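These notes concern the structure reproduced below.
The values are calculated or read from the model by the stated rules, or taken from the named source; none is laboratory data. Bear in mind the structure is a predicted one, so any value in this text is a computation, not a measurement. Here the Cβ positions follow ideal geometry from the backbone for every residue, glycine too, while neighbour counts run over all protein chains shown. Heavy atoms of the whole protein, side chains included, go into the accessibility calculation; ligands, DNA and RNA do not. Shrake-Rupley method; radii C 1.70, N 1.55, O 1.52, S 1.80 Å.
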Amino acid sequence: MASTSAGDCGKASNKMWEEEAQRIDGGMDELLAVLGYKVRSSDMAEVAQKLEQLEEFMGSVQEDGLSQLASDTVHYNPSDLSTWLESMITEINPPPNFDPLMAAAAAPLPNQHQQVQLGDDSFLAPAESSTITSIDFRDQQMSKSLSPPPPQTQNHHPHHQVVFDDCNSSSNYYDLKATMFTQTHHDSSYREAKRLKPSSGSSASDLVFNRRTASSLPQPQPLSIPTTESSTRPALLVDSQENGVRLVHGLMACAEAVQQNNLNLAKALVTQIGYLAISQAGAMRKVATYFAEALAQKIFRVYPQSPIDHSFSDMLQMHFYETCPYLKFAHFTANQAILEALQGKTRVHVIDFSMNQGMQWPALMQALALRPGGPPAFRLTGIGPPASDNSDHLQEVGWKLAQLAETIHVEFEYRGFVANSLADLDASMLELRPSEVESVAVNSVFELHKLLARPGAIEKVLSVVKQMKPEIVTVVEQEANHNGPVFMDRFNESLHYYSTLFDSLEGSVNSQDKAMSELYLGKQICNVVACEGVDRVERHETLTQWRSRLDSAGFVPVHLGSNAFKQASMLLALFAGGDGYRVEENNGCLMLGWHTRPLIATSAWKPGCDSVMAH
């Protein structure tokens, strides 16, 4: 992907772009304009020469010990790339009798009364400053004038370049703080003087905006390069946060080009996204990389040739289980609903649509073993896809659970059922026993949305579930809408959703679990963005949509209750102190989110009286 460039587009397309650009915006280079730089096509050669001069001068600065960059000069508007380069070159290689302090005093200030007019498509508009800033999300700030504030003097430390703290942000969770800069050295000797210093203070979800929010960003403040007496080492400050906003803009522009089938522009943009991602740290860099990879697969139509290895997916899911509390919350809340629905029953039969490695059931079996009056007979039917190596992995899971059942003295019966799709199931296959003898519970964790790829599949499965006459049906799904017909809507929603998920993983202690969890989520991103038709199985829908669907199918909701809410909150408190995670009750359902964004939802259902009598 990184090897792809704008030069890959045909000469005819380049000529057409150039003529169109000259006609519309005075010859501004379209690709650089999308990324926030104002460069005329006719000035490209001159800008390239100035960039080369700047690199050479930066090398000589460290060799000669020059310190002009340590002046208090404020550099405005780097989006006017040619002028900014000229200013930097003059600063590093000043003419005779050059006084940097006089130059700083004479630096033009921005017009304080000038309003910046932004329309709905302003997410493509270039930023007007190279400063590192904190973004305040308060609504009243969004509606105010976007004119830039005057320069501010920063407190300097002899060893630390810049430390920011946005104390005025109204968000309790998303305060943006630019932290210590890290150095990235380049291989070439004359480039070693260049130090790329990305800020890692902004979270991925902070930088992901929709068009209207992005167009309402307050104008960044100018940043003075600090003066230090104890150190004369020059520093080229790169605005990581501004690049982060441009990175999001680039992702959105690339997705829109894909939707409009403008593949030449999309190919050029997806290359630049990779370059911009380098300046980011933490979750934003990873999210952008996965989305860029997914866009590249969609643009170049490169899809995996072999079917998904479900054993590998199960392994990734186990790491995800260990890294964060989402699956733990899903299993706990579903188990709590099943325990309450089957209270007092002597024989219970749980049908699990999402067996995987069976991680959900040891806790339920232990809870049944402690039930007053003794445990009921426990029968489990685990349904899962076939293994790529034709091994009977479901049976292996059953053996492990049988050993546990023997240890805790629970009468246990197990059957593994291999199915390519839940839509292939029929109630007669499951050897159901009369309801007077055995009480049934049906469990589905992150499975029902996959049925939405095939017309009529979800309706068939819900009909089969009603034939089972279950006491309760527990459903856990992602709280997101990734199943809309418009690609841009899906892309925008998924970018918000997965940016928040990746943010929540940043506090993970185990680096291996964290990396595998990110890969687990990255595979989902690829499916949501790159695939279409029956191949796009990650068709997540919101709780509101599932409520409507299950209600139409003849199910009525079962409230999970305050006890489940309290115990789920206690569970989060045990998981890394629960910092950042929030449980919220929503009309009898429970949601788990990261700060203010719900990410998964647990709901419980049972067939309505009319539907039970009909069967």
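In the range 418-428, is there at least one residue being hydroxyl-bearing (Ser, Thr, Tyr), closer than 20 Å to GLY382 by Cα and either surrounded by fewer than 18 Cβ atoms within 10 Å (Cβ to Cβ) or touching a Pro at 6+ places or on another chain (Cβ under 9 Å) (or both)?
yes
Residues in the range 558-580: is at least one more than 20 Å from GLN317 (Cβ to Cβ) and in contact with a Lys or Arg (Cβ under 7 Å, 6 or more places away or on another chain)?
Yes, the conditions are met somewhere in the range 558-580.
Listed residues GLN366, GLN336, GLN357; which is within 32 Å of the chain's Cα centre (by Cα) and closer than 18 Å to GLU413 by Cα?
GLN357
Would you confirm, using the coordinates I've provided, whether LEU251 is open to solvent by less than 40 Å² (accessible area, probe 1.4 Å), more than 20 Å from VAL528 (Cβ to Cβ) and aliphatic (A, V, I, L, M)?
Judged against the criteria, LEU251 is not a match.
Condition first: in contact (Cβ under 8 Å) with a residue 60 or more places away in the chain and not in a loop (DSSP other than H, G, I, E, B). Now tell me which residues in the range 557-577 satisfy that.
VAL558, GLY561, ASN563, ALA564, GLN567, ALA568, LEU571, LEU572, ALA576 - these are the residues of the range 557-577 that are in contact (Cβ under 8 Å) with a residue 60 or more places away in the chain and not in a loop (DSSP other than H, G, I, E, B).
Let me confirm something: among GLY561, GLY580, which residue is of a type in the set (Gly, Ala, Ser), open to solvent by less than 70 Å² (accessible area, probe 1.4 Å) and modelled with pLDDT of 85 or more?
Just one listed residue meets the conditions, GLY580.
Can you work out which of the residues in the range 370-400 that are over 19 Å from SER439 (Cβ atoms), touching a residue at least 24 places away in the same chain (Cβ under 8 Å) and of a type in the set (A, V, I, L, M, F, W, C) is surrounded by the fewest Cβ atoms within 10 Å (Cβ to Cβ)?
ALA387
What tally of residues in the range 254-275 results from selecting those that are within 17 Å of the chain's Cα centre (by Cα) and open to solvent by 10 Å² or more (accessible area, probe 1.4 Å)?
So the answer is 1.
Please work out if ALA553 is under 17 Å from ALA288 (Cβ atoms), open to solvent by 10 Å² or more (accessible area, probe 1.4 Å) and either modelled with pLDDT of 95 or more or small (Gly, Ala, Ser) (or both).
Against the criterion (under 17 Å from ALA288 (Cβ atoms), open to solvent by 10 Å² or more (accessible area, probe 1.4 Å) and either modelled with pLDDT of 95 or more or small (Gly, Ala, Ser) (or both)), ALA553 does not qualify.
Residues checked against (1) over 21 Å from SER499 (Cα atoms); (2) modelled with pLDDT under 85; (3) in a helix (DSSP H, G or I); (4) not charged (D, E, K, R):
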{"residue": "SER230", "(1), (2), (3), (4)": "yes, yes, no, yes"}
{"residue": "ARG233", "(1), (2), (3), (4)": "yes, yes, no, no"}
{"residue": "ARG246", "(1), (2), (3), (4)": "no, no, yes, no"}
{"residue": "ASN261", "(1), (2), (3), (4)": "yes, no, no, yes"}
{"residue": "ASN264", "(1), (2), (3), (4)": "yes, no, yes, yes"}
{"residue": "VAL270", "(1), (2), (3), (4)": "no, no, yes, yes"}
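Considering each of SER463, SER499 in turn, give the residue that is of a type in the set (Ser, Thr, Tyr), under 25 Å from ALA255 (Cβ atoms) and either surrounded by fewer than 22 Cβ atoms within 10 Å (Cβ to Cβ) or touching a residue at least 12 places away in the same chain (Cβ under 8 Å) (or both).
Only one candidate passes the filter, namely SER499.
Which condition number in (1) within 38 Å of the chain's Cα centre (by Cα); (2) closer than 26 Å to PHE329 by Cα is the one that GLN403 fails?
Answer for GLN403: the failing condition is (1).
Please find, within the range 408-435, the residue that is farthest from TRP361 (Cα to Cα) out of those that are in contact with a helix residue (DSSP H, G or I) (Cβ under 8 Å, 6 or more places away or on another chain) and acidic (Asp, Glu).
In this case the residue turns out to be ASP426.
Taking the condition of being at pLDDT below 95 and either small (Gly, Ala, Ser) or touching a Cys at 6+ places or on another chain (Cβ under 8 Å) (or both), how many residues in the range 300-339 meet it?
Result for the range 300-339: 4.
Looking at the range 429-460, which of its residues are open to solvent by less than 10 Å² (accessible area, probe 1.4 Å) and modelled with pLDDT under 95?
If the condition is that a residue be open to solvent by less than 10 Å² (accessible area, probe 1.4 Å) and modelled with pLDDT under 95, then LEU430 is the only one that fits.
Is there a residue in the range 515-525 that is free of Cβ contacts under 8 Å to residues at least 60 places away in the same chain, assigned to a helix (DSSP H, G or I) and open to solvent by less than 40 Å² (accessible area, probe 1.4 Å)?
yes
Being open to solvent by less than 60 Å² (accessible area, probe 1.4 Å), under 16 Å from THR474 (Cα atoms) and either at pLDDT 95 or above or of a type in the set (Val, Ile, Thr) (or both) narrows it down to one residue among ARG539, ARG547; which is it?
ARG547
Residue-wise test of (1) part of a helix (DSSP H, G or I); (2) crowded, with 22+ Cβ neighbours inside 10 Å; (3) touching a residue at least 60 places away in the same chain (Cβ under 8 Å).
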position: GLU322; (1), (2), (3): yes, no, yes
position: ALA330; (1), (2), (3): yes, yes, yes
position: GLU340; (1), (2), (3): yes, no, yes
position: LYS345; (1), (2), (3): no, no, yes
position: HIS349; (1), (2), (3): no, yes, yes
position: LEU364; (1), (2), (3): yes, yes, no
